[in-house]
1. Calculate log10 I(q)/I(0) of the range 355-539 for q = 0.13 Å⁻¹, where I(q) comes from the Debye formula with a single equal point scatterer on each Cα and nothing for solvent.
2. Restricting to DSSP H runs of at least four residues, report the calculated mean residue ellipticity at 222 nm for the chain, -39500 (n - 2.57) per run over all residues, nearest 500 deg cm²/dmol.
3. Express in nm, to one decimal, how much length is gained between Asn132 and Asp247 on full extension, taking 0.36 nm for each residue of separation and deducting their alpha carbon distance.
4. Under a plain spin-label model, where a point goes 7 Å from the Cα along Cα-to-Cβ, how far apart in nm are Gln432 and Met148?
5. Leaving out same-chain residues fewer than 8 places away, which lysines sit with a Cα under 21 Å from that of Lys33?
6. Does anyone have the angle between helix 114-133 and the longest principal axis of the chain? Alpha-carbon axes, 0 to 90°, nearest 10?
7. If I model a spin label as a point 7 Å beyond the Cα along the Cα-Cβ vector, how far apart are those points for Ser19 and Arg528 in nm?
8. List the lysines whose Cα sits under 19 Å from the Cα of Lys106, skipping any in the same chain fewer than 8 residues away.
Amino acid sequence: MNRKSSSTSKPPAIHLDCSPELGRYFVASQAFKPGDIVMKEFPLASAPGPLSEHVCFGCHRHFIKAYICCHCRSPLCSRDCQVSAEHQKECRYLTKIIPEIESRQKNGNKIQRVPVQLSMLMLPLRLLLLRNEEPDKWNQLMDLESHMAARQTTSIWGFNQRNIAPFLEMMLIDEMPDINDKLVQQICGAVDVNSFEIRIETFDRRQHDVPQQPISNSQEVLRGTFYMASLMAHSCVVNAQISIGNDSQMTVIATVPIQEGEGIFVSYTDPLQTTLQRRTFLEKGKHFICRCRRCQDPTEFGTFASAIRCRSCTTGWVLPYDDPAVTSSGNGEELGVALRWKCSDCGDQMKCEEIGRTEEVVQNIVKNIQRLPVDRHLIDRCEELFVTLPKKIHINHAFLLQLRISLIHLYGNVPGFLIPQLSVSLLQRKAQLCSQLLEALHHLCPGFSRLRGMILYELHVPLVCLANKKYENGRTTQPDQLIVDLKEAEIYLKEAVQILIHEPITTPESRIARAAMADLKQLREYIRHMEKLKHNLISN
Ligand SMILES: C[S@@+](CC[C@H](N)C(=O)[O-])C[C@H]1O[C@@H](n2cnc3c(N)ncnc32)[C@H](O)[C@@H]1O
């Protein structure tokens, strides 16, 4: 494995190690600077999954309306894709199971609609096909962790026995006479433990070259199983970050300086989730209890991202304390087993189920808001939540961090609230939301994190506008203050460029990086112009 994929002569930049806690994990064989490429890799296989509603099963492009294959009923983008060699190869397998799906439906058996049922089978099918077609990749797949023992007592095992194994066996029995439930369960385990989401470009962006909005809730994704990336350990506070381009190539980039001999850690979860949410996901899907620095710090580096207001004393915060006595997550069905919730002031304890319910209620409020039509009412609703929710949760709780992202984006993109239409107080509000979020991100995803880059980019906009407004209002004064204010915005914009420039060229963030570079050039020209003006004023 080399620093740059094109070079084969350089020594490997990372190597594998193994520990009782983490299993296998990668270690830096050399020092990395933020932005350095740790590794690059294409997937063993990728496919639309149950979350991919408008993705062609053939070419993986986004479609508005599906062209349904007349044989296997796969959702495709066009007739061209139906007759393509890639689809034809899979179509003959998928066609075999359609009568069984229909007969189960007729007999009132619980079964998903055809496209959903097929989407659950696509990635396991493509991985199973490697066995006969690409033995090297198959061997890599067989080397991946699948947590067979832990999964055997979970509901997902039973689900796979009923809904996945019979269909894959029916499809492949001729080519693979020894296919059996155990092999299918191993593949499903490898998919669940090791797969990554691959975002795809949506139709709108392809047609109109619309830059990706900083945070979009509706995204079409594929699932991809990678070999090397699957050997990377998780931490909720990372030193490396994964980006996957439209071509499905994964790039892992150092986000902070990494010393030689240090472990490489990426996040399997979203950093803007609570400790209970992150641990639940990791226990249930990946079968381990995360004991990273963040999970072991009840205040999560002073951010209070999981803090719930205490019902007893009403002044303290109920926080998650790691219970080191619980060392196994079992099969992951009983959640939050290693967390004890206690008020930092009065010591009152709360049950994990109670916390879970509170989090669910608040998370649903935030999620429902994010699904509403994007208009001025949505801005009001979001702002109301900043008044009501802090009665229950900390002002920097993960859900309010998520809401800040939505609101930052709304100020500047909603008709009536476009950047030139924003008043001084709304520009200040946008800047304030960005600064508050950046303060939390400084602790939760420090360094060259993509999210920090995007928010830094957002922050420079209100700062430049505010600087201009201040200058225009006091036209008679020297441009000194304007230059100082613009230079502050320049610092943020420059950092945004430094971070986002490392995104692979085919990612939406890379487009933002290009826009940010153009903005930086323009801002620097503007600053130079004002400096010249200042110089002329002085010399006159
Ligand atoms: C994607 S695999 C990583 C490679 C794996 N260690 C191996 O040896 O194949 C994910 C699995 O690694 C282990 N793992 C990763 N990060 C961990 C962590 N921070 N703490 C404990 N186990 C971890 C868990 O068993 C998890 O299900």
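1. -0.76
2. Numbers: 18 runs with 251 residues, N = 540.
One gets -15000 deg cm²/dmol as the mean residue ellipticity at 222 nm.
3. On the way: separation 115, 0.36 × 115 = 41.40 nm, distance 2.45 nm.
Length gained between Asn132 and Asp247: 38.9 nm.
4. Computed distance between label sites Gln432 and Met148 equals 5.8 nm.
5. Within the straight-line limit of under 21 Å, Lys33 reaches these lysines: Lys4, Lys10, Lys494.
6. Tilt relative to the chain: about 70 degrees.
7. So the two model labels end up 5.0 nm from each other.
8. Straight-line reach from Lys106, under 19 Å: Lys96.
Read-outs: derived from the displayed coordinates by stated rules, not from any lab. On a predicted model such as this, the values are computed, not experimentally measured, just so you know. Reconstructed Cβ throughout: ideal geometry from the backbone, glycine too, with neighbour counts over all protein chains shown.
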